[in-house]
Amino acid sequence: QVQLVESGGGLVQAGDSLRLSCAASGRTFGSYAMGWFRQAPGKEREFVAAITWSGSLTYYTDSVKGRFTISRDNAKKTAYLQMNSLKTEDTAVYYCAADRNFPFPSNYNDFDSWGQGTQVTVSS
């Protein structure tokens, strides 16, 4: 199992960019599909983006398509979320997650690993 640590969150203005990183420990990072999720205050956690084991396929929720890019570097055991043209509605705690299976489990509790989250705040 991998342990995940997110970084790169912060306070930015609408229209700015941020890049989140998710560093994994363990020797089998390439065996996991990686995902980014977010949870805004008072709302349920929602899917943002996913990338398959080799990085050949990526998926996005509609609200971030064309603005966010998920990527991974298996040699560095790190996944990334490049966020451009940020909007106030992107404000949330962002979590990365890993699972050996893709499509991901439908129950968040069934994921192999979650990070602790990183806060992204977009001001107007």
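The values are calculated or read from the model by the stated rules, or taken from the named source; none is laboratory data. Computed from a predicted structure; not experimentally measured. Neighbour counts are summed over all protein chains in view; Cβ atoms, including those assigned to glycine, are modelled from backbone coordinates with ideal geometry. Please note that ligands, DNA and RNA were not included when accessible areas were found on the heavy atoms of the full protein model with its side chains. Shrake-Rupley method; radii C 1.70, N 1.55, O 1.52, S 1.80 Å.
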**OP:** Report the one residue of 74, 91, 115 whose Cα lies farthest in the direction of the positive end of the charge dipole of the chain (charges on C-beta: Lys and Arg +1, Asp and Glu -1; origin at the Cα centre).
**Re:** 74
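Could you tell me the calculated FRET efficiency between residue 84 and residue 108, based on Cβ-Cβ distance and R0 = 25 angstrom, to the nearest 0.05? Working shown, then result.
On the way: r = 27 Å, r/R0 = 1.06.
E between residue 84 and residue 108, to the nearest 0.05, is 0.40.
In the neighborhood of residue 21, defined by Cβ-to-Cβ distances under 14 Å, what is the net charge if each Lys or Arg adds +1 and each Asp or Glu adds -1?
Computed value for this residue: +2.
Ignoring any ligand, DNA or RNA, what whole percent of the accessible area of the chain comes from carbon and sulfur when the probe is 1.4 angstrom? Before the final figure, lay out each step's value.
Values: 2890 of 6320 Å².
After summing per-atom areas, the C and S share lands at 46 percent.
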**OP:** Check cross-link reach from residue 77 to the lysines: straight Cα distance under 28 Å, and skip same-chain residues fewer than eight apart.
**Re:** 65
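Quick one: net charge around residue 98, please, counting Lys, Arg +1 and Asp, Glu -1 for every other residue with C-beta under 13 Å from its C-beta. Could you put the intermediate results ahead of the total?
Working: positive: 72, 77, 100; negative: 6, 99, 110, 112.
Neighbourhood net charge equals -1.
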Original post:
With a sphere of radius 11 Å drawn around the Cβ of residue 117, what net charge do the other residues whose Cβ falls strictly inside it have (Lys, Arg +1; Asp, Glu -1)?
Top reply: +1
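Only four residue types carry charge here, +1 at the Cβ of Lys and Arg and -1 at the Cβ of Asp and Glu. Report the dipole size of the chain about the Cα centre in Debye, rounded to the nearest 20.
Details: 12 positive and 11 negative charges, 60 e Å.
Dipole size: approximately 280 debye.
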Subject >> Å² per residue, accessible surface of the chain at 1.4 Å >> reply: 51 Å²
**OP:** May I ask you to derive the relative contact order of the chain, considering only C-alpha pairs under 8 Å and at least 6 residues apart, and to give it as an integer percent?
**Re:** 36 percent
Subject >> Extension gain from residue 52 to residue 5, taking 0.36 nm per residue of separation minus the Cα-Cα distance >> reply: 15.0 nm
Subject >> Backbone HN-Hα couplings from phi across region 26-43 [Karplus 6.51/-1.76/1.60, Hz, Gly and Pro as x] >> reply: x, 9, 10, 3, x, 8, 10, 6, 10, x, 10, 10, 9, 9, 8, x, x, 10
Subject >> Integer Hz, Karplus 6.51/-1.76/1.60 couplings in order for region 87-102, x for Gly and Pro >> reply: 10, 4, 6, 7, 4, 4, 8, 9, 10, 9, 9, 10, 8, 5, 9, 8
Original post:
Can you list the residues, at least 5 places off or on another chain, whose amide H is less than 5 Å from the amide H of residue 2, using H built in the peptide plane?
Top reply: none
